[in-house]
Amino acid sequence: MSQKAQSVDRYDVPAVEAFWRERWDADNIYRAQRVTDKPKYYCLEQFPYPSGHLHMGHVRVYTLGDVIARYRRMQGYAVLHPMGWDAFGMPAENAAIKSGVPPKVSTLANIGYMKQQMRQMGLSFDWEREVTTCLPDYYRFTQELFLLFFERRLAYQREGAVNWCPSCETVLANEQVEDGLCWRCDSPVTKRDLTQWYFRITDYADRLLAGLDTVNWPQDIKVQQINWIGRSEGAVVQFDLVGLDESVTVFTTRPDTLYGATYLVLAPEHHLVERIIQNRPEAEAVRAFVQRERQVSDIERTAETTEKRGVFTGIYARHPLTEAQIPVWVANYVLVDYGTGAVMGVPAHDARDYLYAQKYALPIRTVVVPESGDSPQLPYVAPGILTDSGVFTGMRSEDAKGAIAAELQRKGHGEPRVTYRMRDWLISRQRYWGAPIPIIHCPTCGPVGVPKDQLPVLLPENVEFTGRGASPLTQVQEWVQVRCPQCQGPARRETDTMDTFVDSSWYYLRYTSGALANQPFDRADADYWMPVDEYVGGKEHAILHLLYSRFFAKVLHDAGWLTIDEPFQSLLSQGMVVYGGAKMSKSKGNTLSPETILAEWGTDATRLFMLFAAPPEKDFEWSQQGVEGSYRFLQRVFRLVARPRQEAEDVGAIQRLERMQARTIKKVTEDLGPRRAFNTAVSALMEYTNALYLDIESVPQALQTRLLETLTLLLAPLAPHLAEELWMRLGHADSVHEANWPTYDAAALIEDEVEIAIQINGKVRGRIMVGVDWDVQRIQELVLSHATLVPYLKGRTVKKVVVIPTRLVNVVVA
RNA sequence: GCCGGGAUGGCGGAAUCGGCAGACGCAGAGGACUUAAAAUCCUCCGAUCCGGAAGGAUUGUGCGGGUUCAAGUCCCGCUCCCGGCACCA
């Protein structure tokens with residue numbers, strides 16, 4: 001059909017691409033099926049938030065994933081390549097406040113539009129497994145998983161200072177605060193004291209670290225996670241307070257410097273502060289200080305330039321080893337939520353303590369000196385030899401750490417301790433458009449999970465979006481007022497919803513089972529498909545989504561729901577799409593719309609250029625001239641196949657093209673597979689095409705067909721529409737995407753003769769042809785007697801000859 | 001400050017295990033075809049110098065050293081760029 005419609009000189013891109021897309025949709029060829037005699041391959045791209053339009057970044061990710069999925073299908077894998085929607089979230093709710101359109105309505109409309117765009121891209125998704133996180137048939141299971149966490153005591157409520165975004169009117173997890181600003185809207189984040197739900201991700205800190213050794217991820221993403229988890233080994237030390245029945249526990253990574261502790265510092269928010277200053281003359285001053293510091297934003301509080309400020313409490317603590325009395329201060333440079341919220345001040349060996357001690361004239365005791373014995377310049381933070389440290393004097397820092405911790409433990413004043421920078425994951429959100437937390441608060445029973453048979457806790461739809469005050473859910477009395485599932489007494493429904501990162505922490509599991517009605521996923525399906533073999537996405541989720549998902553997989557593994565506990569075996573972290581030298585943004589006016597690009601160049605040329613212009617992990621600069629080049633290449637391939645061709649039987653040409661064919665199959669197979677080097681796969685196909693242009697009419701028709709079939713098959717994952725068209729023109733009735741990936745005969749790669757370089761002292765002075773099977777001796781003899789060498793060898797002695805077969809010969813002369 | 005990743009022609013990039021640097025494409029130049037242009041096909045294309053040309057010499061992968069017969073690649077010391085973290089005790 002499409003064949004008649006066009007000439008052999010010009011490939012009519014819009015018509016042919018549209019034709020094949022319709023055919024693929026109708027034939028449903030990308031449905032994933034568990035086929036037990038095939039190896040499985042799970043290719044996943046991060047699902048989008050349905051903002052309404054795809055952007056060029058999406059085009060890039062989904063192209064990369066689609067190439068991988070198509071390639072693996074042709075290689076004979078049972079491929080799972082699904083798509084869905086990360087559909088809860090604040091933009092839809094904010095839009096509702098402005099326009100009155102309910103979030104559900106706008107979100108589903110956006111999904112409809114974006115799905116059309118994805119179809120225009122010709123992506124090979126199995127749409128039968130589509131997930132939409134904002135629909136009850138998905139979020140009921142998000143709620144069920146919450147209850148699982150609740151039962152396993154991994155979901156808990158706690159009151160404390162939390163990050164509050166005044167613009168989003170909700171709390172944020174630590175991971176979602178960047179430089180003191182909200183990750184979504186860049187508003188400065190403030191602190192509030194609230195009772196909130198948390199997931200106990202810190203229980204998994206060590207396993208989240210250890211698991212990184214088992215996955216094939218880019219180094220920078222692993223390092224970001226390692227830093228975020230922030231494991232520190234050290235010790236806690238307990239200091240009794242003089243005249244009070246209290247003690248202060250500090251965490252330190254340097255127990256070896258304990259003898260240098262000359263004061264203690266509590267964070268302003270430390271729970272002991274108010275207790276110890278009771279009835280003291282200093283109380284007023286301390287309270288005023290704490291009040292002031294609590295006003296200061298996190299950005300300012302933690303900025304490096306912020307001056308260290310503090311106030312003496314009037315209290316003294318007893319040093320657990322020397323019994324010396326040291327003053328207890330409250331200061332802004334100690335964070336309440338790290339370690340124990342209190343530190344020992346060791347000015348001689350800590351830069352911060354040094355500054356502080358100088359400012360407030362606190363004593364400085366040097367207790368570690370360099371191994372050289374020189375007197376150190378303070379603050380001396382490197383390890384060394386202990387001095388002035390009682391029985392530990394003379395020990396090396398590394399040995400003293402353990403020895404002092406052991407001594408503290410013996411005395412009941414401390415012990416070794418590992419601390420993490422990562423905090424528990426705050427998942428409550430004071431917003432409407434999220435999965436309701438399935439908890440009922442009962443005055444007698446406390447927080448009670450909604451029984452599973454009552455899930456989902458549906459979002460009420462008759463709500464008003466005013467944008468003022470608390471979440472709309474708190475206004476729906478008939479929804480909030482419920483009976484306690486345990487005692488049947490009057491109770492109140494939890495009105496917070498879950499962080500949308502909870503939804504996306506398990507969606508990859510839902511795909512494995514399709515739309516199951518009675519459970520989130522089937523274990524056998526999940527065990528078959530998991531882990532994801534290749535996960536394609538942007539770097540912005542390096543510690544958010546990727547850390548949370550790993551945590552979920554580990555919890556589900558522990559609960560016996562899943563065999564694997566690392567969800568993403570390999571991660572392909574793709575770079576940004578830039579245009580005019582900068583990341584695209586509306587304010588810079590350098591945006592490109594996928595609709596326009598795809599309409600102008602077609603899907604295949606757009607894909608090919610994105611793949612060709614840069615390796616996937618690097619930023620990619622869009623260029624008009626560049627995409628023209630890819631477009632030209634596809635037209636060139638089309639003409640090569642579609643035009644009538646002469647034939648001949650030139651032995652040299654036959655051999656050249658056969659060899660080129662084998663080499664190209666090998667190269668493209670490696671590049672699309674383990675190397676993930678799509679750019680060089682494209683260039684290999686360009687070279688192959690160039691070679692065919694030169695010689696194809698010198699070989700017989702039957703060979704021509706085979707050579708062109710190979711080109712078509714290799715091109716199929718990259719330019720699926722053109723490949724399908726060419727495959728049909730080459731006389732095939734079935735889809736090229738269901739054809740087998742080509743193989744090559746290793747013997748065809750072997751050449752009889754190769755050209756090798758002749759070097760004199762490392763400089764190339766000539767080239768000769770040698771047989772590939774020649775031994776070193778024979779090559780050396782030929783080279784040394786070769787005419788081009790004569791002038792270089794005259795009057796010199798040959799000291800050494802290095803022969804690297806098939807590569808070069810290096811003659812070293814004096 | 002700490003951690004990670006980079007730096008290769010006019011440009012994007014290639015060189016996979018230490019073995020002929022610059023594949024492929026873009027831009028540019030020339031030729032063929034054409035009344036002409038576009039399109040297409042073919043050829044050339046790091047720099048400097050010698051040569052009419054064929055060809056040759058020197059130099060060249062951020063900078064300075066080193067290892068090696070041989071270094072874009074390995075080692076040591078820097079510079080700059082990008083990304084992440086940063087009062088985390």
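The values are calculated or read from the model by the stated rules, or taken from the named source; none is laboratory data. What you are looking at is a predicted structure, and each value in this text was computed from that prediction instead of being measured. All Cβ positions, even for glycine, are placed from backbone atoms using ideal geometry, and neighbour counts span all protein chains on display. Calculation scope for accessible area: heavy atoms of the full protein, side chains included, ligands and nucleic acids excluded. Shrake-Rupley method; radii C 1.70, N 1.55, O 1.52, S 1.80 Å.
Each Lys and Arg Cβ is given +1 and each Asp and Glu Cβ -1; about its Cα centre, segment A:767-814 then shows a dipole of about 280 debye.
With the cut-off at under 12 Å, measuring from each backbone N in segment A:178-192 to a point 7 Å along the Cα-to-Cβ line of A:ALA161 picks out A:190-192.
Scattering from the C-alpha atoms of chain A alone, worked out with Debye: what is log10 I(q)/I(0) at q = 0.05, 0.07, 0.08, 0.09 1/Å? Values returned for q = 0.05, 0.07, 0.08, 0.09 Å⁻¹ are -0.41, -0.73, -0.89, -1.01.
So, with +1 on the Cβ of K and R and -1 on the Cβ of D and E, and no other charges, what is the size of the charge dipole of segment A:132-282 about its Cα centre, to the nearest 20 debye?
Working: 14 positive and 22 negative charges, 45 e Å.
Using Cβ point charges on Lys, Arg, Asp and Glu, segment A:132-282 gives about 220 debye.
Backbone geometry of segment A:208-220 corresponds, through the Karplus equation with coefficients 6.51, -1.76 and 1.60 at θ = phi - 60°, to 3J(HN,Hα) couplings of 5, 6, 5, x, 4, 6, 9, 10, 9, 10, x, 4, 5 Hz, x marking Gly and Pro.
Backbone amide hydrogens, once placed in the peptide plane, bring A:VAL482 within less than 5 Å of A:ALA491, A:ARG492, A:ARG493, excluding anything fewer than 5 places away on its chain.
Label separation (A:LEU793 vs A:ARG767): 2.2 nm, computed from points 7 Å beyond Cα along the C-beta direction.
How far is the Cα center of segment A:418-443 from the Cα center of segment A:468-486, in Å? Distance between centres, Cα-based: 17 Å.
Assuming a ≥ b ≥ c are the square roots of the Cα gyration tensor eigenvalues, decide whether segment A:751-813 counts as rounded (a/c under 1.5), prolate (otherwise, with a/b larger than b/c) or oblate. Working shown, then result.
Working: a/c = 1.94, a/b = 1.80, b/c = 1.07.
Prolate shape, in that a/c is at least 1.5 and a/b is the bigger ratio.
Protein heavy-atom surface of chain A, 1.4 angstrom probe: 49% of the accessible area is carbon and sulfur, with nucleic acids and ligands not counted.
Rounded, prolate or oblate: which fits segment A:1-142 when a ≥ b ≥ c are the square roots of the eigenvalues of the alpha-carbon gyration tensor, with rounded for a/c under 1.5 and prolate only if a/b beats b/c? Since a/c reaches 1.5 but b/c is at least a/b, the shape of segment A:1-142 is classed as oblate.
Can you order the peptides A:549-562, A:94-107, A:372-385 by their average number of other Cβ atoms within 10 Å per residue, highest first?
In descending order of packing, they fall as A:549-562, A:94-107, A:372-385.
Using the heavy atoms of the protein chains alone and a 1.4 angstrom probe, what is the accessible area of chain A per residue in square angstrom? Don't jump to the answer; show the numbers that get you there.
Details: 35360 Å² over 814 residues.
So chain A comes to 43 Å² accessible per residue, rounded to a whole number.
Please find the FRET efficiency linking A:THR444 to A:ALA470, where r is the Cβ-Cβ separation and R0 is fixed at 35 Å, and quote it to the nearest 0.05. List each step's numbers first, then the result.
Details: r = 25 Å, r/R0 = 0.71.
Result of the calculation: an efficiency of 0.90.
Apply 1/(1 + (r/R0)^6) to the Cβ-Cβ distance of A:ASP12 and A:ASP220, taking R0 = 30 Å, and write down the FRET efficiency to the nearest 0.05. List each step's numbers first, then the result.
Numbers: r = 44 Å, r/R0 = 1.46.
About 0.10, to the nearest 0.05.
Karplus-derived 3J(HN,Hα) values for segment A:52-60, using 6.51 cos²θ - 1.76 cosθ + 1.60 with θ = phi - 60°, are x, 9, 6, 10, 5, x, 4, 4, 5 Hz; glycine and proline are entered as x. Here's how it looks for A:PHE88: its modeled amide H is under 5 Å from those of A:THR133, A:CYS134, which are all 5 or more places away or on a different chain. Charging the Cβ of each Asp and Glu at -1 and of each Lys and Arg at +1, and nothing else, the dipole of chain A about its Cα centre rounds to 920 debye. Spin-label model, A:THR306/A:ASP388: points 7 Å from Cα along the beta carbon direction are separated by 3.1 nm. Adding -39500 (n - 2.57) for every DSSP H run of four residues or longer, then dividing by how many residues chain A holds, sets the calculated 222 nm ellipticity at -11500 deg cm²/dmol.
Rounded to the nearest Hz, the phi-derived 3J(HN,Hα) couplings of segment A:282-291 under the Karplus curve 6.51 cos²θ - 1.76 cosθ + 1.60 (θ = phi - 60°) are 7, 3, 4, 4, 5, 4, 4, 4, 4, 4, where x marks glycine and proline.
Quick one: check the C-alpha center-to-center distance for segment A:185-211 versus segment A:229-306, whole angstrom. Between the Cα centre of segment A:185-211 and that of segment A:229-306, the gap is 22 Å.
Rounded to the nearest 0.05, what FRET efficiency do A:THR596 and A:HIS732 have when you use their Cβ-Cβ distance and R0 = 30 Å? If you can, show how the numbers build up before the last one.
Details: r = 34 Å, r/R0 = 1.12.
Efficiency, rounded to the nearest 0.05: 0.35.
Under 5 Å from the amide H of A:ARG431 lie the amide H atoms of A:THR497, each residue being 5 or more positions distant or on a separate chain, with H modelled from the backbone and absent for Pro and chain starts. Please quote Rg/Rh for segment A:550-646 to two decimal places, taking the Kirkwood radius as Rh and restricting both calculations to Cα atoms. Ratio of gyration radius to Kirkwood radius: 1.22. Projecting the Cα atoms of A:GLY626, A:ALA681, A:THR669 onto the charge dipole of segment A:615-773 (Cβ charges, centred on the Cα centre) puts A:GLY626 farthest toward the positive pole. Computed from label points 7 Å out along Cα-Cβ, the spacing between A:ILE750 and A:ARG483 is 8.4 nm.
Once fully extended, how much extra length lies between A:ASP27 and A:GLN780, figured as 0.36 nm per residue of separation less the alpha-carbon to alpha-carbon distance? Walk me through the numbers before you get to the answer.
Working: separation 753, 0.36 × 753 = 271.08 nm, distance 6.20 nm.
Full extension of this stretch gives 264.9 nm more.
I'd like the distance between the alpha-carbon centres of segment A:655-672 and segment A:714-781, rounded to an integer number of Å. When both Cα centres are located, 4 Å separates them.
Segment A:231-420: percent of C-alpha pairs farther apart than 23 Å?
Considering segment A:231-420, 41 percent of its Cα-Cα pairs are separated by more than 23 Å.
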